[in-house]
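> Pasting in a structure now, in structure tokens, and then I'll have a few things to ask.
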Amino acid sequence: MPKGSLSIVIPVFNEAENIQPLVERLESALHNWAQPVEILFVDDGSTDGTLGLLKQAQERDPRIRIARFRRNLGQTAAMAAGFRLAAGEAVVTLDGDLQNDPAEVPRLVAMLDDWDVVCGIRTRRQDSRWKRFSSRIANGFRNWVTDDEIVDTGCTLKAYRRECFTRLELYQGMHRFLPTLLKMRGYRVTQVPVSHHPRAAGKTKYGTWGRLKKGLADVWAVRWMKKNWIDYEAHLEVLESAEAGRSRDRAAERTRV
């Protein structure tokens, strides 16, 4: 894709009831988008009619791409696959349950003129009181342990410059820590309030207690990574002979010709 292009990465697992309305809202949000765009769904081994509905949507809209796991591997794997396949200069991640609003996409992408990563902060969250409480506990604990200030790591709605994913490796559960991991690598990260909607159809795929336990355990791995991160590129200087430099320039010239 040329400069200015956009990829929207959407992991989905058993979201058959939400596929059609989500596609319609995406089409409405991107109606006036001037640059090339792709909508990349990563089907995380769905066992309902999700894949069939995605194929139907793809027939109507050629901007839709579909990647599929043969079995359920989890949200981190789906995110990593989407990042690997995305062709756009800007990459936006979005939930498949319609709780994130596709209308927010253009605003977040526009902010990439000044930032490398734009993270959504869900305002007036349309979740249960227990889910909101557990999120506050988890976010506070993560920030305390990792010495960070990411307000809402659970908000999937985020925008990234494509280069953020160069050499980035994700392990199970690490998608929750993407802003922190990217800040470690020197990328500029900001946060912005975004709207949030109640789930209209389907069921949440991640139990609150199980997710909380996993997230609190993973935070110690991120703390270790921050403590032991070596930013060698900021201090690296390559010394070579004048002849080696001239040879490299001649080779580059031949390539251009």
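Every read-out reported here was derived from the displayed coordinates using simple, explicitly stated rules and does not represent laboratory data. Remember, it's a predicted structure, so these values are computed and weren't measured experimentally. Ideal geometry is used to build each Cβ from the backbone, glycine not excepted, and the neighbour counts take in all protein chains shown.
> With the condition kept exactly as written, say whether any residue in segment 37-49 is among the hydroxyl-bearing types (Ser, Thr, Tyr), under 25 Å from Gly154 (Cβ atoms) and in contact with a His (Cβ under 7 Å, 6 or more places away or on another chain). Can you show your working first?
Applying the first criterion (among the hydroxyl-bearing types (Ser, Thr, Tyr)) to segment 37-49 yields 46-47.
Filter again for under 25 Å from Gly154 (Cβ atoms), leaving 46-47.
Filter once more, so that each one left must be in contact with a His (Cβ under 7 Å, 6 or more places away or on another chain): none.
The answer is no, given that none of the residues of segment 37-49 is among the hydroxyl-bearing types (Ser, Thr, Tyr), under 25 Å from Gly154 (Cβ atoms) and in contact with a His (Cβ under 7 Å, 6 or more places away or on another chain).
> Taking the condition in a helix (DSSP H, G or I), in contact (Cβ under 8 Å) with a residue 60 or more places away in the chain and crowded, with 17+ Cβ neighbours inside 10 Å, does Ala57 pass?
Values: in a helix (DSSP H, G or I): yes; in contact (Cβ under 8 Å) with a residue 60 or more places away in the chain: no; crowded, with 17+ Cβ neighbours inside 10 Å: yes.
Answer is no for this residue.
> Within segment 23-31, identify whether any single residue is touching a residue at least 12 places away in the same chain (Cβ under 8 Å), under 20 Å from Thr153 (Cα atoms) and surrounded by 22 or more Cβ atoms within 10 Å (Cβ to Cβ), and answer yes or no. Break it down stepwise before answering.
Restricting attention to segment 23-31, the residues satisfying the condition of being touching a residue at least 12 places away in the same chain (Cβ under 8 Å) are 23, 25-30.
Then keep just the ones that are under 20 Å from Thr153 (Cα atoms); that gives none.
No - not one qualifying residue is present in segment 23-31.
> Inside segment 85-115, can you point out the residues that are buried (at least 18 other Cβ atoms within 10 Å of the Cβ) and over 17 Å from Cys155 (Cα atoms)? Step through it out loud before you land on a result.
Taking segment 85-115 and keeping what is buried (at least 18 other Cβ atoms within 10 Å of the Cβ), we get 86, 88-100, 102, 104-105, 108-109, 112, 115.
Passing the criteria: Ala86, Gly88, Glu89, Ala90, Leu112, Trp115.
> Name the single residue, out of those in segment 61-79 being touching a helix residue (DSSP H, G or I) at 6+ places or on another chain (Cβ under 8 Å) and outside any strand (DSSP E or B), that is farthest from Thr47 (Cα to Cα). Quick ask: steps written out before the conclusion?
Of the residues in segment 61-79, the ones touching a helix residue (DSSP H, G or I) at 6+ places or on another chain (Cβ under 8 Å) are 61, 64-69, 75-76, 79.
Subsequent filtering for residues that are outside any strand (DSSP E or B) retains 61, 69, 75-76, 79.
Values: Asp61: 23, Phe69: 11, Gln75: 16, Thr76: 19, Met79: 19 Å.
Selected residue: Asp61.
> Looking at (1) within 21 Å of Leu108 (Cα to Cα); (2) surrounded by fewer than 16 Cβ atoms within 10 Å (Cβ to Cβ), can you tell me which one Gly82 breaks?
If we test Gly82 against (1) within 21 Å of Leu108 (Cα to Cα); (2) surrounded by fewer than 16 Cβ atoms within 10 Å (Cβ to Cβ), just (2) comes out false.
> Could you count how many residues in segment 1-34 are over 21 Å from Ala87 (Cβ atoms), not in a loop (DSSP other than H, G, I, E, B) and not β-branched (Val, Ile, Thr)?
The total comes to 8.
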